[in-house]
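The structure appears right after this line, and notes come after that.
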Amino acid sequence: MEIIQITENKEQYMDLLLIADEQENMIKKYLDRGDLFVLYDDDLKTVAVVTKENDDTYEIKNIATYGKYRGKGYGSSMIKYVIQHYKNQCKVIIVGTGENEKILSFYKNLGFTYSHTIKDFFTDNYDHVMIEDGVQLKDMIYLKMGV
């Protein structure tokens, strides 16, 4: 398994980025200013985009694993890599997600705790209704981890 940072032609990973963020123009808002990491284990499995929000905080804006590789630890490996990579550059790493208990549990199991909620984020910022596991996403739930 190898994780590498991509600095050019980031949009070539758009198909995988769209798994975690369904709207391309939303991804383009952070892709250029973010650090893109890709995880290979024989072939591409997982991507993550991390942005600097201020001197103390980095945000995981996007993390996605191809469906057929989920549940094999690639997402967890990527999160752990990101934490190690930024631990001397910030005090806090945050991640925002929808109101999906499975995903919230994933982050909480890695040591993230609740930070705050942005009401109506998905309904205000996306041009279509966002559905995850049969539930419409409305609010963005932010979790944080001190590093």
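Consider the range 10-54. How many of its residues are among the polar types (S, T, N, Q), under 18 Å from Ile93 (Cβ atoms) and in contact (Cβ under 8 Å) with a residue 24 or more places away in the chain? First the steps, then the outcome.
Taking the range 10-54 first, the residues among the polar types (S, T, N, Q) are 12, 23, 25, 46, 51, 54.
Okay, now just the ones that are also under 18 Å from Ile93 (Cβ atoms), so 46, 51, 54.
Filter again for in contact (Cβ under 8 Å) with a residue 24 or more places away in the chain, leaving 46.
Here the count works out to 1.
Of the residues in the range 115-130, how many are free of Cβ contacts under 8 Å to residues at least 24 places away in the same chain and either closer than 30 Å to Tyr86 by Cα or within 17 Å of the chain's Cα centre (by Cα) (or both)?
Looking only at the range 115-130, we keep the residues that are free of Cβ contacts under 8 Å to residues at least 24 places away in the same chain, and these are 119-120, 123-124, 129.
Cutting the leftovers down to either closer than 30 Å to Tyr86 by Cα or within 17 Å of the chain's Cα centre (by Cα) (or both) gives us 119-120.
So the count comes out to 2.
Listed residues Tyr30, Tyr81, Tyr66, Tyr58; which is over 25 Å from Val147 (Cβ atoms) and either touching a Cys at 6+ places or on another chain (Cβ under 7 Å) or among the hydroxyl-bearing types (Ser, Thr, Tyr) (or both)? Outline the logic, then answer.
Values: Tyr30 fails: over 25 Å from Val147 (Cβ atoms); Tyr81 fails: over 25 Å from Val147 (Cβ atoms); Tyr58 fails: over 25 Å from Val147 (Cβ atoms).
Residue meeting the stated conditions: Tyr66.
Residues checked against (1) without any contact (Cβ under 8 Å) to a residue 60 or more places away in the chain; (2) open to solvent by 20 Å² or more (accessible area, probe 1.4 Å); (3) over 15 Å from Ala20 (Cβ atoms); (4) not aliphatic (A, V, I, L, M):
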{"site": "Ser77", "(1), (2), (3), (4)": "no, yes, yes, yes"}
{"site": "Val82", "(1), (2), (3), (4)": "yes, no, no, no"}
{"site": "Tyr86", "(1), (2), (3), (4)": "no, no, yes, yes"}
{"site": "Ile93", "(1), (2), (3), (4)": "yes, no, yes, no"}
{"site": "Glu101", "(1), (2), (3), (4)": "yes, yes, yes, yes"}
{"site": "Ser105", "(1), (2), (3), (4)": "yes, yes, yes, yes"}
{"site": "Thr113", "(1), (2), (3), (4)": "yes, yes, yes, yes"}
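Name the helices (runs of 4 or more DSSP H) wholly within the range 1-109 that hold at least 2 residues that are β-branched (Val, Ile, Thr) and modelled with pLDDT of 95 or more? First the steps, then the outcome.
Working: elements: 14-20, 24-31, 74-86, 101-109.
Filter on the range 1-109 gives 74-86.
Can Asp139 be described as among the acidic types (Asp, Glu), open to solvent by less than 20 Å² (accessible area, probe 1.4 Å) and free of Cβ contacts under 8 Å to residues at least 60 places away in the same chain? Steps first, please.
Numbers: among the acidic types (Asp, Glu): yes; open to solvent by less than 20 Å² (accessible area, probe 1.4 Å): yes; free of Cβ contacts under 8 Å to residues at least 60 places away in the same chain: yes.
Yes.
The values are calculated or read from the model by the stated rules, or taken from the named source; none is laboratory data. On a predicted model such as this, the values are computed, not experimentally measured, just so you know. Glycine also receives a Cβ, built like all others from the backbone with ideal geometry; neighbour counts cover every protein chain displayed. What goes into the accessible areas is simple: the full protein's heavy atoms, side chains included, and nothing from ligands, DNA or RNA. Shrake-Rupley method; radii C 1.70, N 1.55, O 1.52, S 1.80 Å.
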